[in-house]
Amino acid sequence: MDTILQKYLPERSVDPCLVLIKQTGVHLKIVNERVTRHGDYRRMSNGKHLITVNATLNKYRFLITLVHEIAHLVAFEKYGRSIKPHGLEWKHTFQHLMLPFIRPEIFPSKLLPLLAKHFRNPKASSSTDAQLSIALKQYDAQQTDKTYVFELPLGSIFRIYNGKCFKKGNKRVKRYECVDLATGKVYLFQPNAEVELLSE
């Protein structure tokens, strides 16, 4: 298992992650990319615990995702199954489990302040923290020609991963109102959503 994990995790994080996996008795499955999620946790019908993480994530996002999913298991075991999946119990558990990893031997120094800020109040996904998400994308093996929603001029037409086309509208507090050109419905987009610009 450690030789497999070395391919996906920062080198100095492999041993502590192995300890976490063994302590929790979780079965880790590394899967092909899913566009809508980085990973997930499920309790199987036989009582065993399964965590899946996308194989295409860079090492730093893979580590955050793995610990995020283990935090679900640990929080459910400690506080019971009636807690909210990303409620206070999970946040505290995630902070506690992630703290030993937020070090310069594991993460690049320019990510450390963003991680420290993020883990003061961790979100349901690191992708919803626009600043951290954009910083993490710089370490992706494959750089895409996609653009972020926040970079597009107002009124731009863009396409998302499933082929749907939208027109960029005004910014609400943090997200952008964008109109689905096929239905006329308004959807809210994170500023760091990756899209393909069709016309300005």
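Taken together, the values in this text are just the output of simple stated rules run on the coordinates, not laboratory data. Just so you know, these numbers come straight off a predicted model, no measurement behind them. Please note: Cβ atoms are built from the backbone with ideal geometry, for glycine as well, and neighbour counts cover all protein chains shown.
Can you compute the charge dipole magnitude of segment 41-200 about its Cα centre, using +1 on each Lys and Arg Cβ and -1 on each Asp and Glu Cβ, nothing else charged? Give it in debye, rounded to the nearest 20. Please report the intermediate quantities before stating the final value.
Values: 25 positive and 13 negative charges, 101 e Å.
That gives segment 41-200 a dipole magnitude of about 480 debye.
Choose one of 64, 9, 109: the residue whose Cα lies farthest towards the positive end of the charge dipole of segment 1-131 (beta-carbon charges +1 Lys, Arg; -1 Asp, Glu; about the Cα centre). Of the candidates, 64 comes out farthest on the positive side.
Run the simple label-point estimate for residue 124 and residue 50 please: 7 Å along Cα→C-beta, distance reported in nm. Roughly 2.2 nm, to one decimal.
Compared with the alpha-carbon gap, the fully stretched path from residue 200 to residue 29 is longer by 57.4 nm at 0.36 nm per residue.
For segment 147-199, the spread of Cα positions along the three principal axes, ordered from largest to smallest, is 25, 22, 17 Å.
A simple spin-label model places the labels of residue 151 and residue 18 4.0 nm from each other, with each point 7 Å out along Cα-to-Cβ.
Treating only the Cβ atoms of Lys and Arg (+1) and Asp and Glu (-1) as charged, compute the dipole magnitude of segment 1-100 about its Cα centre; round to the nearest 20 debye. Spell out each step's value before the answer.
Details: 15 positive and 8 negative charges, 53 e Å.
Dipole about the Cα centre, nearest 20: 260 debye.
Using the Cβ-Cβ distance between residue 116 and residue 88 with R0 = 25 Å, the FRET efficiency computed as 1/(1 + (r/R0)^6) comes to roughly 0.80. Under a Cβ-only charge scheme (Lys and Arg +1, Asp and Glu -1), can you give me the dipole magnitude of segment 147-199 about the Cα centre, in debye to the nearest 20? In total the dipole reaches around 220 debye.
Legend: calculated FRET efficiency, residue 42 to residue 180, from the Cβ-Cβ distance at R0 = 45 Å, rounded to 0.05, equals 0.90.
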